[in-house]
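The values are calculated or read from the model by the stated rules, or taken from the named source; none is laboratory data. These figures come from a predicted structure and were not determined experimentally. Ideal geometry is used to build each Cβ from the backbone, glycine not excepted, and the neighbour counts take in all protein chains shown.
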Amino acid sequence: MTDFLPNWYTQPARPTAINRQASDGREVRISVIVPCRNEGRNIRPVLEWAAPYADELLVVDGHSSDDTRAIAAELGATVLLDNGKGKGDAIRVGIAHAVGDILVFIDADGSHDPRDIPALVQPIVDGRADHVSGSRMLGGSDELHATINQFVRLFGSQVITLSINYTQGLSLTDSQNGFRAIRAEVARSLALESEIPTIEQEMVIKSVRSGYRICEVATHEYVRSNGESNFRVLDVWFQFVKSWLYYLFFWRPPKRVTGSVNAESQEQSGNTAEEADSPGTHKLSGSGEQIPKASSR
Ligand SMILES: Nc1nc2c(ncn2[C@@H]2O[C@H](COP(=O)(O)OP(=O)(O)O)[C@@H](O)[C@H]2O)c(=O)[nH]1
Ligand SMILES: [Mg+2]
């Protein structure tokens, strides 16, 4: 009988630096976008550790009344203001202003580790994905279900993820994480509309329904460093349900943009966005190892 090695034994070490070079020789530019509102106590370490990975560091502030904007400017970030409507609005402002080829979204409250950024962008640089979501289900979370509020959030998000998988033939594990990377062109083509944190599920559902290749990387979610979440399930649950059902069942995908940050390698693998007739998903471990998806429901 053959003995199997544990998964982690054969996986390459987690990347510590971004390989910005696409196989066609082009330098890929990374824009890191940080939505924040009153995160003066939390944002400094996030920006310090994210900056080395960013060709452009954009902080989109929700009219903070503390020193968030001053700290961000001091650390060299470009500071923008959202339109005062919520996190989704901030993400859309970031997308509109960013000049990079790949956009990385990371929260300002310390719940994501910027050192996961290289693993998040790698599949896009390699031309293997258009959209990479950090997964708390694969990477673990300190905030899963310790309280009733967390339990309800997790339960709701799992129902939404399951419904995406079932209807689209995918095997995603997390459709709500704020930590993700997406090809800039793709993000713009999705014409995102959400004003609040429904933006994440909107981005995921629209990406898969438009036929873009989405995959996941294990990222750990930490408890926010200081302060409290801006959201209460009771205030937003109806908007989550509405956005989920609308984008999954009624929204009609627009024409897809083709190509990738690495067009040559896609052509070589015979897997151009034009040719791909169905969305694909690959689950990637934090080390960047690729595991082919199970294609059936
Ligand atoms: N610009 C902007 N950022 C926001 C707004 N609301 C929340 N954020 C940021 O979005 C990220 C996630 O928000 P958080 O309150 O931690 O929500 P949770 O992680 O879903 O509990 C944090 O970096 C917040 O500072 C907003 O209205 N505008
Ligand atoms: Mg948070």
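Observations, loosely collected:
- In the stretch 107-124, the residues that are closer than 20 Å to ARG20 by Cα reach residues that are among the charged types (D, E, K, R) and more than 16 Å from ligand 1 (Cβ to nearest atom) with C-beta atoms within less than 7 angstrom, at least six apart or across chains, in these pairs: ALA119/ARG14; ILE124/ASP130; ILE124/ARG183.
- Of the strands (runs of 3 or more DSSP E) lying entirely inside the stretch 37-125, those containing at least 3 residues that are under 17 Å from GLY178 (Cβ atoms) and within 13 Å of ligand 1 (Cβ to nearest atom) span 56-61.
- The stretch 32-43 residues that are in contact (Cβ under 8 Å) with a residue 40 or more places away in the chain and β-branched (Val, Ile, Thr), paired with ones that are within 12 Å of ligand 2 (Cβ to nearest atom) and part of a loop (DSSP other than H, G, I, E, B) (beta carbon under 6 Å, 6 or more apart): VAL34/ILE106; VAL34/ALA108; ILE43/ALA108
- Test: residue in the stretch 5-22 that is of a type in the set (A, V, I, L, M, F, W, C) and free of Cβ contacts under 8 Å to residues at least 12 places away in the same chain: yes
- Yes/no for ASP109 being farther than 25 Å from ASN226 by Cα and among the acidic types (Asp, Glu): no
- In the stretch 112-170, the qualifying residues are those that are of a type in the set (Ser, Thr, Tyr) and modelled with pLDDT under 95, and the one that is surrounded by the fewest Cβ atoms within 10 Å (Cβ to Cβ) is THR147.
- Within the stretch 66-77, being surrounded by fewer than 19 Cβ atoms within 10 Å (Cβ to Cβ) and touching a helix residue (DSSP H, G or I) at 6+ places or on another chain (Cβ under 8 Å) holds for LEU75, GLY76.
- Neighbours by Cβ (under 7 Å, 6+ apart or cross-chain): first from the stretch 196-218, free of Cβ contacts under 8 Å to residues at least 40 places away in the same chain; second surrounded by fewer than 22 Cβ atoms within 10 Å (Cβ to Cβ) and not hydrophobic (A, V, I, L, M, F, W, C): GLU200/GLN176; GLU200/GLY178
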